[in-house]
Amino acid sequence: MSQLLTVEVLNSMCKNTMIEHLGIKYTELSAGRVTATMPIDERTIQPMKRLHGGAIMTLAESVGSAGSLAIVDRTCFSVLGVEISGSHIGTTSEKMVIAEANIVHQGASSHVWEIHVKDKNDTLISVCRLTNRIIPIKPKEQE
């Protein structure tokens, strides 16, 4: 069985990745639910000084993928995001957003996550849906 996935392990796995570059930090992890924060700063805004939709989608895919990693045995399966969609329905003047991912389908070969991105005032910024493919890791042939 793979190492227990914790918030600390998730955050350490993200060293030198886009997740770390954007300042995304995982904050909660439980079966079927993951939360993370992302700052709104020069890394995550667009030229009009508003939160960039692409940064939101990166946050959404990050929490949904982490949720699938927490469910599967990582020594036997890998997780690959295969489809993501999002509706950006609000805006915020706050300095941070919070993403909460909840699983809506947990199959043997796919997981579907619904992700809500809000600010600290609970203002809904985006609603996203992520489909992850659960891929068996082929054992390395022994020589």
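The values are calculated or read from the model by the stated rules, or taken from the named source; none is laboratory data. All figures in this text were calculated on a predicted structure; none of them were measured in a lab. Virtual Cβ from ideal backbone geometry, glycine too; neighbours counted across all protein chains shown. SASA here: full protein model, heavy atoms, side chains in, ligands and nucleic acids out. Shrake-Rupley method; radii C 1.70, N 1.55, O 1.52, S 1.80 Å.
General observations
- Filtered trypsin sites (Lys or Arg not before Pro), the range 1-98: DSSP coil and at most 11 other beta carbons within 10 Å: LYS15, LYS49, LYS95
- With every protein chain in place, the range 35-143: carbon and sulfur % of accessible area (1.4 Å): 52
- The GluC sites (Glu not before Pro) of the range 1-47 that meet both conditions, a loop assignment by DSSP and at most 11 other Cβ atoms within 10 Å of the site Cβ, are GLU42.
- For ILE125, net neighbour charge (Lys/Arg +1, Asp/Glu -1) across residues whose Cβ lies under 9 Å away: 0
- Spatial separation of Cα centroids for the range 4-29 and the range 76-143, in angstrom: 14
- Shape category assigned to the range 96-143 from the gyration tensor of Cα positions, a/c cut at 1.5: prolate
- Global form of the range 21-81, assessed from the alpha-carbon gyration tensor, a/c cut-off 1.5: prolate
- Of the trypsin sites (Lys or Arg not before Pro) in the range 98-143, the ones in a loop by DSSP (not H, G, I, E or B) with at most 11 other beta carbons within 10 Å are LYS140.
- Mean ellipticity per residue at 222 nm, deg cm²/dmol - from DSSP H runs of n ≥ 4 across the chain, formula -39500 (n - 2.57): -6000 deg cm²/dmol
- Rounded FRET efficiency, nearest 0.05, which uses the C-beta distance separating ASN102 from LEU80 and R0 of 30 Å: 0.90
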